1. Restricting to the range 98-140, and then to whatever is of a type in the set (Gly, Ala, Ser) and touching a helix residue (DSSP H, G or I) at 6+ places or on another chain (Cβ under 9 Å), can you tell me which residue is farthest from Cys61 (Cα to Cα)?
2. Of the numbered conditions (1) in contact with a strand residue (DSSP E or B) (Cβ under 9 Å, 6 or more places away or on another chain); (2) touching a residue at least 60 places away in the same chain (Cβ under 8 Å); (3) over 19 Å from Thr153 (Cβ atoms), Thr98 satisfies every one except a single condition; which is it?
3. Kindly provide the set of residues from the range 144-165 that are within 17 Å of Ile193 (Cα to Cα) and of a type in the set (Ser, Thr, Tyr), ordered by number.
4. Identify the single condition in (1) outside any loop (DSSP other than H, G, I, E, B); (2) within 20 Å of the chain's Cα centre (by Cα); (3) at pLDDT below 90; (4) farther than 23 Å from Cys73 by Cα that Lys201 does not satisfy, given that it satisfies every other one.
5. Determine whether Leu27 is surrounded by 15 or more Cβ atoms within 10 Å (Cβ to Cβ) and modelled with pLDDT of 95 or more.
6. What are the pairs with Cβ atoms under 6 angstrom where one residue, in the range 123-150, is under 14 Å from Gly110 (Cβ atoms) and the other, located anywhere, is of a type in the set (Ser, Thr, Tyr) and buried (at least 18 other Cβ atoms within 10 Å of the Cβ)? Sequence gap at least six, or different chains.
7. Quick check, is Ala26 under 28 Å from Thr153 (Cα atoms) and free of Cβ contacts under 8 Å to residues at least 24 places away in the same chain?
Amino acid sequence: MNFSSKLLENAVNEVSQLPGIGKRTALRLVLHLLKQPKEHTHHLASALNNLVDEIKLCRKCHNISDVELCEICANPMRNEEIVCVVEDIRDVMAIENTAQFKGLYHVLGGKISPIEGIGPQNLTIDSLIEKVKEGTIKEVIFALSSTIEGDTTNFYIFKQLEKFEINTSTIARGISVGDELEYADEVTLGRSILNRIPFEKSL
């Protein structure tokens, strides 16, 4: 792809690094931004700069937040005895949209995947174990996607929690095998949370 401008080429190269964005789509997006009033593009750039510079991870659940303690963890109406383990913020948003879960979350930041070089040490599993040690948590719900990586991560955490007197459960398989939570419809996902089963029965 030949560019008449180095500035244009640099912008296209950066945008094309986004997931699912090829060079042609990146070029279309960049040219669209050039057609907009400058202040619109400046607002976009400012929002992205603020996101990168000011975003935080909740010190309690590791969810993305503007402050040290996210709104969910700071809500006194949430049930602190139930923790739902998810991969990332997209899963938190998907479950919250069902309005069926009133407990807290623990965001792992990924799934165990040896092929991608992601091991237990790369996730927030240790802090989950520390939470359980404190004795407040009565149930841990595994809500990872129904994939090999998701099941591997669920089983690894389950083995780490076996020595504690807590219930472990997993969302019901209303979610098709291989599906990501963020793509499940709210009714199906809500029922999967409500109809969760003991983790041992899912093995």
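1. Per the criteria, the residue is Ser113.
2. If we test Thr98 against (1) in contact with a strand residue (DSSP E or B) (Cβ under 9 Å, 6 or more places away or on another chain); (2) touching a residue at least 60 places away in the same chain (Cβ under 8 Å); (3) over 19 Å from Thr153 (Cβ atoms), just (1) comes out false.
3. Ser145, Ser146, listed by residue number.
4. (2)
5. Criteria met by Leu27.
6. Between residues of the range 123-150 that are under 14 Å from Gly110 (Cβ atoms) and residues that are of a type in the set (Ser, Thr, Tyr) and buried (at least 18 other Cβ atoms within 10 Å of the Cβ), the close pairs are Leu144/Thr153.
7. no
The values are calculated or read from the model by the stated rules, or taken from the named source; none is laboratory data. Being a predicted model, the structure only gives us computed values, none of them experimental. Positions of Cβ are backbone-derived with ideal geometry, glycine not excepted, and every protein chain shown enters the neighbour counts.
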